[in-house]
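Some notes on the structure that comes next.
The values are calculated or read from the model by the stated rules, or taken from the named source; none is laboratory data. Being a predicted model, the structure only gives us computed values, none of them experimental. Neighbour counts run over all protein chains shown; Cβ positions are idealised from the backbone, glycine included. Keep in mind that these areas ignore ligands, DNA and RNA; they rest on the heavy atoms of the full protein, side chains included. Shrake-Rupley method; radii C 1.70, N 1.55, O 1.52, S 1.80 Å.
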Amino acid sequence: MSPIWISSSKAAELLGISERQVRNKAQNFNYRYEDEGGRKVLKIDVRSLPKEASDKYVMETLPELGEVPATAEDIDIVVKSYDRANDRAKKNYDKWTLILMKCDGIVGTKELGRFVDNWNKRYPHMKTSVKSIYRQRNQVGECGKIALINHRETMKSTVKDVWFEDFKNVYMTANKVSVFSSWMIALGKAMDRGEVGDKSEFPSKSAFIRRLKSEFAPDVIYFAREGKKKFYDNKGYHLDRDYSDLQAGQVWVGDTRTWDVFVKVPGQEKPATCYITLFMDFKTYMPMGWCLHHDSPGTENTLRAIRNGIARYGLPEEIYVDNGREYRNKDFSGQSRGHQIVEDEQYTESLASRLGIKMHFAIVRNARAKIIERNFLIIKNGFDRMFNSFKGGTVVEKPEPLKGVLKSGNFPTWDEFESLAQEYMTNVFPGLPCLGEHHNGMTRAQLWNEEIAKRTPMRRVSKNTLSMLVSRTEKGRITHMGFHVAKLDSWYWGEWMPVWKGREVTFRYDPDDMRTAWCYDKDRKLIGECTLQSSVGAMVKDDDVVAKNQIAEGVARKRHEEKLLKEICPDMTKEQAEEYIAAMRTAVGPQDIFIPEGPTHLTRHDRDAEELKRDRKVGNADIYNIVDDIDEPESTDLWDELSMGNG
């Protein structure tokens, strides 16, 4: 819709304020400056003014009309419907009210044709036709002037219910069948039932789409064709977070990502990928603690990352993570996978329990709920892409020169990459501008400094406690050889163990230094130290069974929404394919395809077949193999004739 430019004085008149106030508030409207007599004149788009002012301008500029013949019964309904109507319906009502009044009393196609020609020349933005005038007159005659507002609702679709049902059942599926194919199938079914003779008697594709959009909301159509994941990613229900009551450093959110960069790792011939386990402040997006590693994600790296954050900033009150094995285990959170999450019951030997940290787990398969995912994308674009060995997150992102770079070996080593990554996370990333709603243009470091000064200092822990944060635990019994850690294939022994043989203890060890470990009784009292007695075997990942977290209200709402949409948009069945193809075959009609007959191309196989046929007539096909001097009759075989001719 093109703008309508008016002077600032006219805008002031419509708004009921002074022209000076209009100039001061010009940035609130759509405005521009025009040259008039060598000076700049402010012009305001009347459509950008408040509704009352723009409506006032429209009423003032309407053409002069005679009395409006409206019955008393129409007035109330029309006024209320007009107030509730959208802009498009109002525009339709204004246009046709004016046209019908101007052509009132004009009858006959020729007279109306002359009126239409004059009208279209005078009002090119409101063009019409004789056919449209007749249609609108009929609508108003049947339904009253309310039809000019609710014209979409009062006009009946030319698509019959049974035809529309056939079209909808094909189109509203995740197979994303095209409009044309869906229409063809509906046409074929209608022809099979004898309802139409050919496509000239059938509504157009546009008619089907118009009815579909009038009966189904755009999001329902999107769910049916794009699927559940895309629907919940782009259009599904979500909650806006209120950060006003949240303090800086109170809640940390953690996750692990793969760097999209190949590096040289000592002891590995092939280029390797590496990882970062990161904990970030929920409110300011400030990185709290992280661990860079080139081995697979595990609890050890998670414990190191949070230890680094606690050593620098202090203890968080709550931690928000996903349901990965590195978080859902007895050493980190005390909540193992495969069991119902109980936030008030945490394993007494876990890091969360010892430090008094409350654990929260994201909804299963709902990673979009974590703000850290968006920050990982910023890190990827601002850091990963700086390396010549950037591999991209997908095949589409993979740079073309990457293969040559890896072949040449001219890409960073693990030590070089780790040094640059530490520098980026420490001194670069916190200083980047943040687009968070509550950041107001501030960087992560600026918002952190502002917010952390408003709260009491975060709790600290001693050096001894810090050294214990990365320790792991195992439960078992003291045997005649001491305590055995099966997954490490190691034995530990202490002088106090003989009197504890056969009893169950909790064994705690540090993965970074396994020479010394500690044992505790069932009351968590330290029994004594023990030392490593055998060489450590291959390190085995923690394979504790992991469970799903459920947030009752959110999951219930999501399931209810999914159930409703599934009822509206059922999945396609395998039997429907034959039905649809048959319908399309009917719609296309019989196909008389001309297939010309050409000359036969003879090959050696034809000659062999002819020879066998002749031998069968003689009675013994092998006689020619044992008799040498037999005069062959002159051949009449077409193959020989062709061969001799070619020779």
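Quick one: K213 ticks every box in (1) in contact (Cβ under 8 Å) with a residue 24 or more places away in the chain; (2) part of a helix (DSSP H, G or I); (3) under 26 Å from A85 (Cβ atoms) bar one, so which box is it?
(1)
List the pairs whose first member sits in the stretch 257-269 and is on the phi < 0 side of the Ramachandran plot and at pLDDT 90 or above, whose second member is part of a loop (DSSP other than H, G, I, E, B) and of a type in the set (D, E, K, R), and whose Cβ atoms are under 8 Å apart, counting only residues at least 6 apart or on separate chains?
So the pair list comes out as D260/K391; D260/E397; V261/K391; F262/K391.
Answer yes if at least one residue in the stretch 170-183 is modelled with pLDDT of 85 or more, in a helix (DSSP H, G or I) and open to solvent by 50 Å² or more (accessible area, probe 1.4 Å), and no otherwise.
Yes: the stretch 170-183 contains one or more residues that are modelled with pLDDT of 85 or more, in a helix (DSSP H, G or I) and open to solvent by 50 Å² or more (accessible area, probe 1.4 Å).
Answer with yes or no whether T516 is in a strand (DSSP E or B) and of a type in the set (S, T, Y).
Numbers: in a strand (DSSP E or B): yes; of a type in the set (S, T, Y): yes.
Yes; evaluated as a whole, the condition is true for this residue.
Within the stretch 255-275, which residues are surrounded by 15 or more Cβ atoms within 10 Å (Cβ to Cβ) and either touching a Pro at 6+ places or on another chain (Cβ under 8 Å) or within 11 Å of F417 (Cβ to Cβ) (or both)?
T256, W259, V261, F262, V263, K264, V265, A272, C274, Y275
Looking only at the stretch 89-113, count every residue that is modelled with pLDDT under 85, part of a helix (DSSP H, G or I) and farther than 17 Å from K145 by Cβ and tell me the total.
3
Within the stretch 206-217, identify whether any single residue is modelled with pLDDT of 90 or more and surrounded by fewer than 14 Cβ atoms within 10 Å (Cβ to Cβ), and answer yes or no.
The answer is no, given that none of the residues of the stretch 206-217 is modelled with pLDDT of 90 or more and surrounded by fewer than 14 Cβ atoms within 10 Å (Cβ to Cβ).
Looking at the stretch 184-196 only, could you name the residues that are open to solvent by less than 50 Å² (accessible area, probe 1.4 Å) and outside any helix (DSSP H, G or I)?
V196
I'd like to know if the stretch 298-311 contains one or more residues that are crowded, with 23+ Cβ neighbours inside 10 Å and in contact with a Cys (Cβ under 7 Å, 6 or more places away or on another chain).
Checked against the condition, which is being crowded, with 23+ Cβ neighbours inside 10 Å and in contact with a Cys (Cβ under 7 Å, 6 or more places away or on another chain), the stretch 298-311 yields at least one hit.
Among the numbered criteria (1) part of a loop (DSSP other than H, G, I, E, B); (2) at pLDDT 75 or above, which one does E373 miss?
Checking E373 against (1) part of a loop (DSSP other than H, G, I, E, B); (2) at pLDDT 75 or above, the one that fails is (1).
Can we say W119 is farther than 18 Å from K213 by Cβ, surrounded by 15 or more Cβ atoms within 10 Å (Cβ to Cβ) and touching a residue at least 12 places away in the same chain (Cβ under 8 Å)? Don't jump to the end; show me each part of the working.
Numbers: farther than 18 Å from K213 by Cβ: yes; surrounded by 15 or more Cβ atoms within 10 Å (Cβ to Cβ): yes; touching a residue at least 12 places away in the same chain (Cβ under 8 Å): yes.
Taking the combined requirement at face value, the residue satisfies it.
Could you run through the stretch 398-442 and say how many residues are open to solvent by less than 20 Å² (accessible area, probe 1.4 Å) and over 18 Å from F387 (Cβ atoms)?
The number of residues fulfilling the criteria is 4.
Among the residues of the stretch 122-143, is any in contact (Cβ under 8 Å) with a residue 60 or more places away in the chain and assigned to a loop (DSSP other than H, G, I, E, B)? Break it down into steps so the answer makes sense when it comes.
Step one: filter the stretch 122-143 for residues in contact (Cβ under 8 Å) with a residue 60 or more places away in the chain, giving none.
No, the conditions are met nowhere in the stretch 122-143.
Of the residues that sit in the stretch 475-528 and are farther than 21 Å from T465 by Cα and of a type in the set (D, E), which one is modelled with the highest pLDDT?
In this case the residue turns out to be E504.
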